[in-house]
Ligand SMILES: [Zn+2]
C-alpha cells in the first residue's frame with residue numbers, strides 16, 4: 001500500500017515522515033476506516049451508548065457497561081447525565097435493510 005503527498009502528489013513510503021520531493025510533513029498515521037461512533041440497533045441494553053463506545057475503541061462491552069453503572073453511582077448520577085448527552089449526541093446506526101418497499105411489490 002502506497003500513499004501520496006498531499007501537496008505535490010509524489011508517491012511516499014508508508015513510514016515516511018516528510019515528503020522527499022517538497023519536504024512537507026506527512027501525517028504519522030492514516031485514519032482507520034469503519035471505526036465511526038454509532039449506536040448499533042442490535043445488542044443494546046439501554047440506549048446503545050456503551051456498545052457504541054466499546055465498538056469504536058475496541059473495548060470489552062461488559063467492562064464498559066460495568067464502569068458506566070459504577071461511575072453513575074459514584075458520581076451521584078453525573079455520569080448518567082453524560083450518558084443521556086451521549087445518547088443524544090451519538091447517531092444511531094443506519095438500518096441494515098432498506099426501509100422502502102422492495103421493487104416489484
Ligand atoms: Zn510533496
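Values computed for the structure shown
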{"quantity": "Neighbour-count ranking [beta-carbon atoms within 10 angstrom, fewest first] of 8, 50", "calculated": "8, 50"}
{"quantity": "Label-to-label distance, nm, for residues given as residue 22 and residue 67 (7 Å Cα→Cβ offset)", "calculated": "4.1"}
{"quantity": "Square roots of five times the Cα gyration tensor eigenvalues for segment 33-94, Å", "calculated": "20, 13, 9"}
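Rule-based calculations on the coordinates, nothing more; no lab input. The structure presented is a predicted model; accordingly, all values stated were derived computationally and were not measured. So basically every Cβ, Gly included, is an ideal-geometry build from the backbone, and we count neighbours across all protein chains shown.
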